[in-house]
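The block underneath contains the structure these notes are about, expressed in structure tokens.
The values are calculated or read from the model by the stated rules, or taken from the named source; none is laboratory data. Here the structure is a predicted model, which means the values were calculated and not measured. In this analysis, Cβ positions are derived from the backbone assuming ideal geometry, glycine residues included, and neighbour counts consider all displayed protein chains. Only protein heavy atoms, including side chains, enter the accessible area calculation; ligands, DNA and RNA are left aside. Shrake-Rupley method; radii C 1.70, N 1.55, O 1.52, S 1.80 Å.
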Amino acid sequence: MAAKVLNYIPRDSFIHRLSGTTKLIIFLSFSFLCGLSFDTRVLLVLLGLSILGFVLSKIKLSEIRVMSTFLVVFITLNFILLFIFSPEYGCEMYGSRTVLFHLIGKYYVTREQLFYQFNVALKYVIGFPIAILFVSTTNPSEFAASLSSLGIPYRISYSVSLALRYIPDIQSDYHEISQSQEARGVALGKDVRLFERIGNAVKILMPLVLTSLNRIDEISNSMQLRSFGKKKTRTWYVKKKMTAADFGVIAFCIIMFTVGLIITNQGGSNIYNPFVR
């Protein structure tokens, strides 16, 4: 069976037992603080907390192998491209320039640029476990209920739930269609040249799109027959009640977000500058 990407992984863990509302607040607080802060101290604390949450969720690295590989490739490309197109941006940001060695032409490796790119990579590494935790530990129906409890119209909440539910179905359809194509002689294995493999993979898209459209039509007809959207409110079958653990985690997120902003904005800037003399 092909590896699944961005799907719910049921476990009996502390993270799984939290309500969808709590996990949404965790995701938003980490995402906003990580996006607003360029303070390395704050980012390192967020990284430690995100790794701790990942460990508590009992999700194995082998279960997110595809996303982990994508993250490594993305960070590597981003690191290289940042240096190619903005080799002096770190020096402008920190107001100093300490050359370590010269590469070629206008490209000098400086401590400031390396530190800046380290912080950028750190942001992506922090966001990865949090996003994976949120998607992998939250049942789509429970997530829809949590969105509705925050005041979001249930039609939108249900649409998001359907989208999350549909991701594993698309992956299963792709795997089945690819096996059918391989049985007909369309090679997709690792021994095939890259561009040929890409061309053969494109041949899977049309039947995948048609299958997806048929499933969407079936779901929409079923919802319409059940008078979905007729009333302004609805009840939810999968909805967890808030527990003491939920309130404790929410309080921790609020304190973490507040303290993180205070530390970040010390001196009137969101940048931690270790190069100031």
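Can you pull out the residues in the range 50-72 that are assigned to a helix (DSSP H, G or I) and either touching a helix residue (DSSP H, G or I) at 6+ places or on another chain (Cβ under 7 Å) or open to solvent by less than 50 Å² (accessible area, probe 1.4 Å) (or both)? It would help to see each step written out before you state the result.
Filtering the range 50-72 down to residues assigned to a helix (DSSP H, G or I) leaves 50-56, 61-72.
Hits for the range 50-72 are S50, I51, G53, F54, L56, L61, I64, M67, S68, L71.
Give Y124, Y116 a once-over and let me know the one that is open to solvent by 50 Å² or more (accessible area, probe 1.4 Å), at pLDDT 80 or above and at negative phi. Before the answer, list the steps.
On the way: Y116 fails: open to solvent by 50 Å² or more (accessible area, probe 1.4 Å).
Answer to the check: Y124.
Limited to the range 220-251, what total is found for residues that are closer than 19 Å to S161 by Cα, assigned to a helix (DSSP H, G or I) and open to solvent by less than 60 Å² (accessible area, probe 1.4 Å)?
3
Across the range 73-99, which residue is farthest from R17 (Cα to Cα) among those that are surrounded by 11 or more Cβ atoms within 10 Å (Cβ to Cβ) and aliphatic (A, V, I, L, M)? Reasoning before the result, please.
Start the filter on the range 73-99 by keeping residues that are surrounded by 11 or more Cβ atoms within 10 Å (Cβ to Cβ), which leaves 74-76, 78-80, 82-83, 86-99.
Narrowing further to those that are aliphatic (A, V, I, L, M): 75, 80, 82, 93, 99.
Details: I75: 32, I80: 40, L82: 40, M93: 43, V99: 50 Å.
Across the range 73-99, the extreme among qualifying residues is V99.
I'd like to know if the range 172-186 contains one or more residues that are hydrophobic (A, V, I, L, M, F, W, C) and under 25 Å from I64 (Cα atoms). Before the answer, list the steps.
Initial filter on the range 172-186 (hydrophobic (A, V, I, L, M, F, W, C)): 177, 183, 186.
Next, only the ones that are under 25 Å from I64 (Cα atoms) stay: 177.
Yes: one or more hits.
How about the range 100-151: which of its residues are among the aliphatic types (A, V, I, L, M), farther than 16 Å from S19 by Cα and in contact with a Gly (Cβ under 8 Å, 6 or more places away or on another chain)?
Across the range 100-151, the qualifying residue is only L114.
Can you tell me how many residues in the range 25-38 are buried (at least 18 other Cβ atoms within 10 Å of the Cβ) and either under 15 Å from the mean Cα position of the chain (by Cα) or not hydroxyl-bearing (S, T, Y) (or both)?
Of the range 25-38, the ones buried (at least 18 other Cβ atoms within 10 Å of the Cβ) are 25-27, 29-30, 33-34, 37-38.
Now restrict to residues that are either under 15 Å from the mean Cα position of the chain (by Cα) or not hydroxyl-bearing (S, T, Y) (or both): 25-27, 29-30, 33-34, 38.
Of the residues in that region, 8 qualify.
Starting from the range 144-158, take each residue that is more than 10 Å from R234 (Cα to Cα) and list its partners that are modelled with pLDDT of 80 or more and outside any helix (DSSP H, G or I), counting only C-beta distances under 7 angstrom and pairs at least six apart or across chains.
Cβ pairs passing all conditions: S146/S19.
Within the bounds of the range 128-138, is there any residue that is closer than 26 Å to S50 by Cα, of a type outside the set (F, W, Y) and surrounded by fewer than 20 Cβ atoms within 10 Å (Cβ to Cβ)? Walk me through how you get there before you give the answer.
First, pick out the residues of the range 128-138 that are closer than 26 Å to S50 by Cα: 128-138.
Narrowing the set further to residues that are of a type outside the set (F, W, Y) leaves 129-133, 135-138.
Subset that is surrounded by fewer than 20 Cβ atoms within 10 Å (Cβ to Cβ): 131.
Yes, the range 128-138 has at least one match.
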